[in-house]
Structures are given as structure tokens and as C-alpha cells.
């Protein structure tokens, strides 16, 4: 159609127009870096509301101090090296970047078959950008404008304001804002193991607190779900930040898909072997605990049971590889087993009136012996 072709022609002419006006261009977005700020021209086309209406090019000019992205990357991607050219591009189209502040919007109705002419748009954009930068606005000005902005979502505004506060040396304010937002369940809309607001709160708290926070992100456990025909699942957990979803996993066990769950610490040495595992169904499962010991074996795996009740009949737990015969008081429901997994995850041990029936011992050389 003529309308579609006209729009394509205008958008195709944008990179050359950007270069002509000394703007760079990446991923369809013209941008310019000057006076420690990066400004970008965001453009999209809109068809007319009625048949025969001419299309419109709707644009907005956005801006931010370059330092806010630097703060974000220091807090969120501290181990990632980003070169100068990549930094320039990522300020515009990176997955992890600070949302800019919108300065102005505009639009232009374009004539069908008309030759693209971006000159008036760039002239207007340059006027708006110059008007903003001429008073040499500081970070405090940007922060005030960011807090008053109603066009951005809450998460975007939080990331923009908090990074600017840190860049301005107002770290205590940044910390309070981030922690308050976290307490209210807000998100910065970027996450790795935890949401970006946690990273920024820790970064604002100083080098020592940030180092502690980074250590808390290191995996402490792995949880594995074993299935018969479905793909096995293995997830790393950091105890300070990951809940584990043990209740959900255990309740989903049906003796096949999945039929077992294993929660283990990340220790690699045989002398530190420690894990808790369950097999069977949500209604009847066996729980086994492996832990380091003194004596003939460096670690022992035992079946976990409650205080013996001879009235409970023995049973066989269902697995794809055959039944596992256990005593009646060694059978747990998903809800009962969840309490054991939560305690092991958070405290590294099991307490209470439990009986342990050793079934396997591990030797320092890696061999094992049957103790059943």
C-alpha cells in the first residue's frame, strides 16, 4: 500500500538524516552524547484513524546523564567489562540501562509519496535539547525532574532516581528509597538472582555492604527434581535470596513426573557431603538425610523417621524404578516433608524427635558401603 511504503521510506531515511545532523544511530534510534548527557530521538509511525487519513510520525526526545548508566552497571553488572563503544550503544538499546527522562513529544503528518525530510524534526529536537542543557543542569536537577515525571512507570522512575541519587553522592537517600520500594513489593524491572533494587540498595550502602551482598548471591544449595519421562530440573539457590519452592515441588510428586527431589549444599569435598532427598508421591514419600559424621565413615545417609509407632503398617513407596520398602513411621506427606526441607535449607540440620536408620556410609576415598 502507498501508506505503508511512504512510512517505510521515511524510517529508512532516518539513519542518513541522523548522520547529516551529527547524531549517531543504533537499532533505529538516533542519539547524541554531549555535556555528559545522552539524548535520543524515539520515533514510531501511526496510521490514520480513518481510511484516507495520512500517516503520522510521532517522536519524543529523551535524555539522561551518562553517569546514571555507569552507576547501574557498577551495581548490577560489576563483573562485566563494557568497552567505550558498547557503553554508548547500551545506553540506548541495552537490556540493562537506566530509563531516560522525556523532554518533549511531537508529531508530523507526512504526505503520501513525499520525499522524506527529517530536517525540521531534528531542528526542533536540537532546540529542545539545547534549551535543557544550556543552564548546565546538575544531577540534582535531573533527580527533581525524574521524581516529578508522570510518564514513566514506577519501576522505571525508581531505577532512574536511585541511580541519579547515588551518582550525586546522596547515597543514604538512595538506600532509603530502594529499601522502601523493596518493602512495598516494587520492582525495578531488571533482575538476575534478585531484583535490581536490591543491587542498588546494597551499592548505596558502601563498599563493605556491597561486597557482603555480592557474596550473598553465590549459590549455597542446588535443588533437583527427577522425573521418569519429563526432563530433570536442576536449580541453584542462594539461601539469602531464594525461597526454594519446596512445598510446591513436593506436592507435585506423583511417583513418576517428578518422583524425587534432592536438596544439597554446594560443598564439593566428600567430608562435607550434605543433602536431603525425598522420593515417592505427595501422599507417601521417604525422606533421606546425608550428613558428615565422625568415626568409620565421613558421611552417612539415613532414612528419616518419626518416633516409632508399631500401629503404623509398613509400606512401599512408589518410584519408576520399583517400590522402596519403609517402616510406617518413615512415611511422610508432602506437607510434613516440606517442614524438614525448610529446616535443612535454612539451618543445615534437622531437629526434633526424629529417628535415623543408616543405610549407606561414605568413605574418604569416595567409596561407599551398605549399612542397611
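All of the numbers you see were taken from the coordinates with simple rules; none came from a lab. Quick caveat: nothing in here was measured; it's all calculated off a predicted structure. All Cβ positions, glycine included, derive from the backbone under ideal geometry; neighbour counts span all protein chains shown.
Which value in nm describes the separation of the simple spin-label points at residue 215 and residue 154, placed 7 Å from the Cα toward the beta carbon?
The modelled label-to-label distance comes out at 3.4 nm.
For the residue pair residue 254 and residue 16, what label-to-label distance in nm results when each label sits 7 Å from Cα along the Cα-to-beta-carbon direction?
So the label points at residue 254 and residue 16 sit 6.2 nm apart.
Classify region 1-137 from the C-alpha gyration tensor, please: rounded if a/c falls under 1.5, else prolate or oblate depending on whether a/b exceeds b/c. Before the final figure, lay out the partial values.
On the way: a/c = 2.35, a/b = 1.87, b/c = 1.25.
Prolate, because a/c is 1.5 or more and a/b exceeds b/c.
Could you tell me how many cubic angstrom of Cα convex hull volume the chain has per residue? Walk me through the numbers before you get to the answer.
On the way: hull volume 80.6 nm³, N = 372.
Considering the Cα atoms of the chain, their hull volume per residue is 217 Å³.
Cut-off is 10 Å between beta-carbons; in what order do 319, 163, 66 appear when sorted fewest neighbours first? Numbers along the way, then the final one.
Working: 319 20, 163 33, 66 17.
The fewest-first ordering by Cβ neighbours comes to 66, 319, 163.
Does anyone have the angle between helix 2-12 and the longest principal axis of the chain? Alpha-carbon axes, 0 to 90°, nearest 10?
Value to nearest ten degrees: 80.
If I fit a long axis through the Cα atoms of helix 207-216 and take the longest principal axis of the Cα atoms of the chain, what angle between them do I get, 0 to 90°, rounded to 10?
50 degrees
Based on the Cβ-Cβ distance of residue 364 and residue 222, what FRET efficiency does E = 1/(1 + (r/R0)^6) give at R0 = 30 Å, to the nearest 0.05? Could you put the intermediate results ahead of the total?
On the way: r = 23 Å, r/R0 = 0.76.
For R0 = 30 Å, the calculated efficiency reads 0.85.
Between residue 82 and residue 111, what is the spin-label point distance in nm, taking each point 7 Å from the Cα along the Cα→C-beta axis?
4.4 nm
Please give the per residue volume of the convex hull enclosing the alpha carbon atoms of region 221-370, rounded to a whole number of Å³.
Values: hull volume 17.8 nm³, N = 150.
Measuring per residue, one finds 119 Å³ for the Cα hull of region 221-370.
Set the Förster distance to 30 Å, then compute FRET efficiency between residue 56 and residue 189 from the Cβ-Cβ distance, nearest 0.05.
On the way: r = 29 Å, r/R0 = 0.97.
Plugging the Cβ-Cβ distance into 1/(1 + (r/R0)^6) gives 0.55.
Have a look at 47, 260, 174 and tell me which one the Gaussian network model of the chain (Cα, springs below 10 Å) gives the largest fluctuation.
Of the options given, 47 has the highest mean-square fluctuation.
Show me the ranking of peptides 325-332, 234-241 by mean Cβ neighbours inside 10 Å, starting with the highest. Mind showing how you got there, number by number?
Numbers: 325-332: 19.4, 234-241: 14.6.
Descending packing order for the listed peptides: 325-332, 234-241.
Using 0.36 nm times the number of residues separating residue 314 and residue 353, minus their current alpha carbon distance, what extension gain do you get? Present the calculation step by step, with values, prior to reporting the outcome.
Numbers: separation 39, 0.36 × 39 = 14.04 nm, distance 1.99 nm.
Here the answer is 12.1 nm.
Could you work out how far helix 66-76 tilts from the main Cα principal axis of the chain, as a 0 to 90 degree angle to the nearest 10?
Roughly 10 degrees between the two axes.
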